[in-house]
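Remarks on the structure that follows.
The values are calculated or read from the model by the stated rules, or taken from the named source; none is laboratory data. On a predicted model such as this, the values are computed, not experimentally measured, just so you know. With ideal geometry, Cβ positions are generated from the backbone for all residues, glycine too; neighbour counts draw on all protein chains shown.
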Amino acid sequence: MNEQKYPQFERLHILRAEALCSLRERAFDVFPLYLRDCSDGIVSGCDFVTTKTLVTLQPGLILHENFLYFIQEPMSVEYWPTEEYALLKLIFEPPTLTENFLQRNVRINLSAEMKLAANEMELCRFKLKRGAILRTKYTDFFDMATEFDTVNLINAPHAAVGGSTLAPEILRTFAAEAKNFALNSEDFSFCLAALSGKILNTDQIAFYVERKLKIELPDRDNQTLYENLCKILSDIKNGNRRELLSPRRRRREIMVE
């Protein structure tokens, strides 16, 4: 029999070991089961806020080697202009075992070393000019890859089935711009999925890219997927397509006719 027991925490009730075990199992075992087919990467949250001197990682969930890390408090690191790429990494420290806890700590580090060790994960990268301030807001989809003074999220892995993938924010930005133009059925379906905010895995994105551009991708890393989505968006905007007319423009044309 598969029992479903929920501990009841009431005043004056004795807190038994069985209740504590049930709480532990639900708190620490359910999410890994839910994400068991996913790759390492960001699961939720982990946005960035910047000031003149600090870049701050906001709370979120990150999956690494089948363990779900809960970033509860913002973590900040100082940055400075070098005019060379810097990589903001999340470092997973070796677990430590005490009498009462198995402890897994993480920290962030800003490094000029662009290679990642086995216990490191890229969160973002940027290249800062002297006198500039690092920004996290983008003017459009293409701006996400601006070389200088911009937080670049493209290569940060997001957990998905079959391998890490692009951030939902990147795909939503693509869809938010593309939807203002005439779309065929393939474009419409992809944009609808991207606007939903759900994670699209590498196979789904690559399938759309390959069909649209009539190519076979040699690599399916985040950078390659993003660059090809840029090509598709350029075609949608600048190809033989018309921008959808605003209601006011439509009424004016009807009156002329």
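Would you mind stating whether I170 is at pLDDT 95 or above, within 24 Å of M121 (Cβ to Cβ) and in contact with a Lys or Arg (Cβ under 9 Å, 6 or more places away or on another chain)? Here the answer is no, as I170 does not meet what is asked. Apart from one condition, Y138 fits all of (1) hydroxyl-bearing (S, T, Y); (2) out of contact with any strand residue (DSSP E or B) (no Cβ under 8 Å at 6 or more places or on another chain); (3) closer than 30 Å to K179 by Cα; the exception is (2).
Residues in segment 221-238 that are β-branched (V, I, T) and under 20 Å from E122 (Cβ atoms): 1 in all.
Could we say that D203 is out of contact with any helix residue (DSSP H, G or I) (no Cβ under 7 Å at 6 or more places or on another chain) and of a type in the set (D, E, K, R) here? So D203 passes the test.
Within segment 127-154, the residues that satisfy the criterion of being of a type outside the set (K, R) and under 14 Å from K52 (Cα atoms) are L128, G131, A132, I133, L134, T136, D149, T150, V151.
Out of all the residues in segment 171-180, is one or more β-branched (V, I, T) and in contact with a Cys (Cβ under 7 Å, 6 or more places away or on another chain)?
no
Can you list residue pairs whose Cβ atoms sit under 8 Å apart, with the first residue in segment 38-50 being under 20 Å from Q72 (Cβ atoms) and the second being of a type in the set (V, I, T) and surrounded by fewer than 21 Cβ atoms within 10 Å (Cβ to Cβ)? Count only pairs 6 or more apart in sequence or on different chains. Note: pairs meeting the criteria are G45/I71; C46/I71; D47/T136; F48/T56; F48/T136; V49/T56; V49/T136. I want to confirm something. Restricting to segment 191-214 and keeping residues that are in a loop (DSSP other than H, G, I, E, B) and free of Cβ contacts under 8 Å to residues at least 12 places away in the same chain, which single residue is nearest to L171 (Cα to Cα)? Among residues in segment 191-214 that are in a loop (DSSP other than H, G, I, E, B) and free of Cβ contacts under 8 Å to residues at least 12 places away in the same chain, the one nearest to L171 (Cα to Cα) is S196. Residues in segment 161-182 that are free of Cβ contacts under 8 Å to residues at least 40 places away in the same chain and hydroxyl-bearing (S, T, Y): T173 alone.
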